[in-house]
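The values are calculated or read from the model by the stated rules, or taken from the named source; none is laboratory data. The structure presented is a predicted model; accordingly, all values stated were derived computationally and were not measured. Don't worry about glycine lacking a Cβ; one is built from the backbone with ideal geometry, like all the others, and counts go over all protein chains shown. These area figures cover heavy atoms from the full protein model, side chains too; ligands, DNA and RNA do not enter into them. Shrake-Rupley method; radii C 1.70, N 1.55, O 1.52, S 1.80 Å.
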Amino acid sequence: MSRILRNARSAALFSMVALPLLAAGQSSVRPTTAPERNPGFAVVELDNQAFRLPSAGLSMYLPLNSLAQTTRLGQQATVRVTPPTAPGVKPKWIMNIQTMRAPQANGSTEWIADRIIDQIRKSGGKIGVDLEPSAGSSRRVRSGANPIHRTSARLITRDPALRVGEHTADRFYVSMPAPDGDAVVHGHSVFHVANDRFITFELITREAHLPETKPVYETTVATATFVDPTEAAQRRFAAIEVGQRLMEELTESDYDAVIDGSAFGREPGGRYERWERLFTPGGTGRDSDDAEHGYKRIQTWIGFRGEMEPNRRRERWTPLEREQGYLLSMKTRLIQQTPGGPQLVDSDAIFFMSRDRQQEAWSITMALKSPDGAAALWKEIGARDQDSMTIAVEEPGATPRTIKPVIQGDGYVSRLEAFILPQLLVRGAIPTDYGFYAYQPSLQTIAFRTDSLEQPATTPGRFRLTTRLAEDLEPQVSAYEADGRLRSTTLPDGRIWRPVTLKKLYKTWQDKGLPLE
């Protein structure tokens, strides 16, 4: 259950943080021209779109139809690439791309490679055995026998000064006997990008498959190019400077108008409520042919911090709870179809930010409801006072933990501001690239996000906003009216968030027999 909860939590957390919902963990891909094939390599079909890892300045071409998934832990990013396989069939190879920093100033590609080899040996052959077995492998180990003890790790080859394009890499291949009796090869190409930053490209495959998978790996790595990290840092700084200038020019009246809905023609006062529906278009334009994935209700209002706990009586509020500011409440239901029936992920979140933007607080409760009726609960409570942030997380099967993300420099936007940022950008009405820092719960860190505002000539009076919630996540594209009202948001996987009335939403789900409660 804990693994299922983590998977569902990863998807549902973006319903809390995305503008609006976004599926997590996807790699960044942009169309461009494919490279010429090197005649020195075996014929390997590569995608005609370049895979990019912006945080590392990396651009490369992956094997055709392969799947790339990016995850981050702090400042380190890992990309897992696998070939297309039939359901239930294990891949013949796995490629991992990882960014890392050397723990000492005199680190080198050779120094990094030596330590990776030591780690592979210490792993006891347990890494990478979830692969397709080679032909003729018995996949059996005699009782009491340990193949690791019979055969030690073997260095097949190593080139510490390999030239790959304009860069030098340390490349090696190590064969390691695996617990299932079928040897596994680990190939690594280590690049020094800048200062203490390195990128490694890893191949994991069965030794019997190496003649087939090695050309795929080496051809893929040969397409890698790296952008000067100084240039990337300059672009980031410029975007943050533009974003910071916008935030400084916004007034309290701008925030009030977006929060109370008066910016969209509504009478100020009370709570501004809106509903959104998540679906995959059926292609006919009829709601009945769409695939439903979820919905959410968002409410915003001007109030007091104490309203985060609606059952707490006002006369018992502390001085802190009497602080006035902005509040945003969001209730979300996501539905996932499984063989056993629909699986529901229900979340209830509330966010607060003081008028001076220096304090914020939030509370999120998420329940995963399995088809058999079992439920698992996840909670997150966070607070920030100026540059000090503390987040408490509770989840089933795990010890409660505390996260203290570091807020460095300028350009930070609060959790609440992250939701209303599109409306604030449209209100500013200056088409350009904006940069901000915001906490991303799926990454459990403060990440750099970009928002590119455009006014397409084909849709006069409307805006298009391309949002990348973190450098290595694919962007979502939203359309807004001139006053900031959302028309739609298209997610990287093709799903769409669109405003809807409660009456229409209820009827759509009722007609399809979906759980409403």
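Mind listing whichever residues of segment 188-202 are more than 20 Å from P91 (Cβ to Cβ), open to solvent by 10 Å² or more (accessible area, probe 1.4 Å) and of a type outside the set (V, I, T)? Lay out the reasoning, then the answer.
Going through segment 188-202, the residues more than 20 Å from P91 (Cβ to Cβ) turn out to be 190-199.
Cutting the leftovers down to open to solvent by 10 Å² or more (accessible area, probe 1.4 Å) gives us 192-197.
Result: H192, A194, N195, D196, R197.
Can you tell me which residue is least open to solvent (accessible area, probe 1.4 Å) among those in segment 275-302 that are hydroxyl-bearing (S, T, Y) and more than 11 Å from P499 (Cα to Cα)? Give the derivation first.
Taking segment 275-302 first, the residues hydroxyl-bearing (S, T, Y) are 280, 284, 288, 295, 300.
Still in the list and also more than 11 Å from P499 (Cα to Cα): 280, 284, 288, 300.
Details: T280: 49, T284: 71, S288: 83, T300: 2 Å².
Step by step, filter segment 275-302, then rank; the result is T300.
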Test for R355: is it modelled with pLDDT of 90 or more, of a type in the set (D, E, K, R) and open to solvent by 30 Å² or more (accessible area, probe 1.4 Å)
yes
Return a yes/no flag: does segment 404-426 have any residue that is touching a helix residue (DSSP H, G or I) at 6+ places or on another chain (Cβ under 8 Å), open to solvent by 30 Å² or more (accessible area, probe 1.4 Å) and under 26 Å from D256 (Cβ atoms).
yes
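Condition test on E267, is it surrounded by fewer than 16 Cβ atoms within 10 Å (Cβ to Cβ), over 30 Å from P515 (Cα atoms), touching a helix residue (DSSP H, G or I) at 6+ places or on another chain (Cβ under 9 Å) and free of Cβ contacts under 8 Å to residues at least 24 places away in the same chain?
Numbers: surrounded by fewer than 16 Cβ atoms within 10 Å (Cβ to Cβ): yes; over 30 Å from P515 (Cα atoms): yes; touching a helix residue (DSSP H, G or I) at 6+ places or on another chain (Cβ under 9 Å): yes; free of Cβ contacts under 8 Å to residues at least 24 places away in the same chain: yes.
It is true that E267 is surrounded by fewer than 16 Cβ atoms within 10 Å (Cβ to Cβ), over 30 Å from P515 (Cα atoms), touching a helix residue (DSSP H, G or I) at 6+ places or on another chain (Cβ under 9 Å) and free of Cβ contacts under 8 Å to residues at least 24 places away in the same chain.
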Could you count how many residues in segment 166-187 are within 30 Å of the chain's Cα centre (by Cα) and open to solvent by 10 Å² or more (accessible area, probe 1.4 Å)?
2
Within the set of pairs 6 or more residues apart or between chains, which connect a residue that is aliphatic (A, V, I, L, M) and part of a strand (DSSP E or B) inside segment 54-82 to a residue that is open to solvent by 20 Å² or more (accessible area, probe 1.4 Å) and modelled with pLDDT of 90 or more with Cβ atoms less than 6 Å apart?
M60/T223; L67/T82; V81/S66
Apart from one, (1) outside any loop (DSSP other than H, G, I, E, B); (2) in contact (Cβ under 8 Å) with a residue 12 or more places away in the chain all hold for P492; the odd one out is (1)
Looking at T205, is it open to solvent by less than 60 Å² (accessible area, probe 1.4 Å), among the hydroxyl-bearing types (S, T, Y) and modelled with pLDDT of 95 or more?
no
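Considering every residue within segment 282-302, establish whether at least one is farther than 29 Å from R485 by Cα and out of contact with any Lys or Arg (no Cβ under 9 Å at 6 or more places or on another chain). Step through it out loud before you land on a result.
If we filter segment 282-302 for residues that are farther than 29 Å from R485 by Cα, which is where we start, we get none.
No, segment 282-302 has no match at all.
Taking only segment 297-352 into account, find how many residues are over 25 Å from G261 (Cα atoms) and touching an Asp or Glu at 6+ places or on another chain (Cβ under 6 Å). Before the answer, list the steps.
Our first condition is that a residue be over 25 Å from G261 (Cα atoms); within segment 297-352, this holds for 311-320, 334-346.
Then keep just the ones that are touching an Asp or Glu at 6+ places or on another chain (Cβ under 6 Å); that gives none.
Qualifying residue count for the region: 0.
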